[in-house]
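None of the figures in this text is laboratory data; all of them are computed from the coordinates on show. If you're wondering where the values come from, they're calculated on a predicted model, not measured in any experiment. Methodologically, a virtual Cβ is constructed for each residue, glycine included, from the backbone with ideal geometry; neighbour enumeration extends over all protein chains shown.
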Amino acid sequence: MMRDPGDPALFAAIARATRDALAEAEVNLPRDVIAALEQARSRERNPVARGELDQILANVALAAERNAPLCQDTGVPVVYVTLPPEIACTFSLYRAVEEGVRRATREVPLRPNVVDPLTRKNTGDNTGPGIPAVHVRPGNEFRITVLPKGAGAENVSRLGMLLPTEAGTIPRFVTETVLLAGGRPCPPVILGVGIGGTFDGAAALAKEALLLPIDSMDQYEQAICDAVNTLGIGPMGLGGDTTALAVKVRRSACHTASLPVAVNVQCWAARRASRVVEVPP
Amino acid sequence: MNLRTPLGDEVLDLRAGDRVTLSGKVYTARDEAHERMRREGIPFDPRGAAVYHCGPVVAGERILAAGPTTSARMNAFTGFLLEAGVRAIIGKGGMSPAVRELLRGRAVYLAFTGGCAVLAASRMRLSGVYYPDLGMAEAVWAIELDHLPLVVGMDAHGADLFAEVGEKAKLQFRRLSNSTEKEPA
């Protein structure tokens, strides 16, 4: 039987899963990210950079201990939903996710970050037209994944419509993005790279690349990451060996005359978490 | 070195790259607070004061999270604070060459590790607020600090760690570009 997210019990379950995923993401950094920070700390040769990485690791531990948000920029909620065949994709699904964001804002609590783009008036509850951004995909289980995205790193993200013959310059484009960003995105960063698709599709791919675990990189990703780290920008732009923790790439087909490339920059506080919606009987 | 507000000429002894701690009072200020202070006057005594680029998460009387925001957004609004006697700007990412010149002979820029909001909050006690109508992130919060660990990013003698690192990064980027251009396609 098809279930409607407008059904009050299911609506509450979706809101709860969203709220719980946000609460988890904001407080506890994923294990792979902590491991990458620890490895970076053990390799780092610059004393100022080592101090910065120590403070980051101390902050991660303290946030978990106090059940407090890691960073005061609790971000804007970006939400990915996988929907199994028996759950209908209705407006109520979106309303339920929004309700979960409102609850997390009150209960975690999160800083109200969402404003009208022109009047800059704050909505007070981290929702607004188009926010949270909810991306729905078909899947086997009813799962809600959140990626709260801070502004410092988002603001230095970049999109290029390269020439089809310029595929070889993609690593240069990514490295240049990090150069232009300097210390502003709170390095060490993670770089989500979207290659191909359309103008908007490349950006969406770049963001989705940030959902991938960073405990491994393929050769292409590793080569870009190594090039970025030779820049020496270091944690917070104060210098050091650790500028990027990882590069993750996602590809999609594209027009024969296009080569869209997007780089979504993620600060070290790479917050993501996921919850399965407990569908009530 | 352990610094305490109100700050005086001891800030002139600091050098870019030094690790320090800061205790005493700081005032948070972001974009909108800077605009209002410039228009209506500074609501606290700026002499020897420290201003922190930060929009904290506050619950009642408690500061839960209070890491730094990107200082560069305040580049154009910083002169009036330094001219009024502010001796330390705290933030992340560094500031413009114009601010570097304004710091000369009077003040320093102190970097706090971006994102380390709980670590910061663990060294803070809330003592008051100005401009609460600007909202939680943009209000000016008066905060009592207990040994906040900082790095001198820009000193009062024109040294600027961010600029030095940026220049080296630019050179390295040029080297990388040249070497890839020479490679056969």
| So what's the angle, to the nearest 10 degrees on a 0 to 90 scale, between helix B:31-40 and the longest Cα principal axis of chain B? | 50
| What nm value, rounded to one decimal, do you get for the distance between residue A:199 and residue A:278 when each label is placed 7 Å out toward the C-beta? | 4.6
| Based solely on its DSSP helices, what 222 nm [θ] is calculated for the protein assembly as shown when runs of n ≥ 4 H residues each add -39,500 (n - 2.57) and the sum is averaged over all residues, nearest 500 deg cm²/dmol? | -10500 deg cm²/dmol
| note | Over all pairs of different Cα atoms in the stretch B:87-185, the reciprocal of the mean inverse distance gives a Kirkwood radius in Å of 16.4
| remark: The answer for the per residue Cα convex hull volume of the stretch A:151-266, in Å³, is 86
| query | Cysteines without a disulfide-compatible partner in the protein assembly as shown, using Cβ under 4.7 Å as the rule? | reply | A:71, A:89, A:225, A:254, B:54, B:116
| message | With viscosity set to 1.306 mPa s at 10 °C, what whole-number translational diffusion coefficient in µm²/s follows for the stretch A:17-93 from Stokes-Einstein and a Kirkwood radius over Cα pairs? | response | 106
| request: Determine which residues of the stretch A:155-198 fall in the zone a paramagnetic label at residue A:252 would reach in this model, i.e. backbone nitrogen under 14 Å from the point 7 Å along Cα→Cβ. | output: A:193-198
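When a/c is below 1.5 the answer is rounded, else prolate if a/b is larger than b/c, else oblate, so apply that to the stretch A:224-281 with a ≥ b ≥ c taken from the square roots of the Cα gyration tensor eigenvalues.
oblate
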| query | If you line up the long axis of helix B:161-182 against the longest principal axis of chain B, both from Cα atoms, how many degrees apart are they, to the nearest 10? | reply | 30
| query | Considering the Cα trace of the stretch B:2-160, what is its radius of gyration and what is Dmax, both in angstroms? | reply | 13.9, 41
| Net length gained if the chain between residue A:107 and residue A:2 were fully extended (0.36 nm per residue, minus Cα distance) | 34.6 nm
| request: Please report, in Å, the Rg and the Dmax of the protein assembly as shown, where both are computed over Cα atoms only. | output: 22.5, 75
| note | Nearest 10, in degrees from 0 to 90: the angle of helix A:47-66 to the longest Cα principal axis of chain A is 10
| What FRET efficiency would be calculated for the residue pair residue A:141, residue B:61, taking the C-beta separation as r and a Förster radius of 41 Å, to the nearest 0.05? | 0.45
| field | Dipole axis of the stretch A:105-260 (+1 Lys, Arg; -1 Asp, Glu on Cβ), positive-most option in A:209, A:123, A:243 | value | A:123
| said: As a quick test, which of the pairs A:248/B:92; A:149/A:248; A:121/A:207 have an alpha carbon distance above 23 angstrom in this structure? | reply: A:248/B:92; A:121/A:207
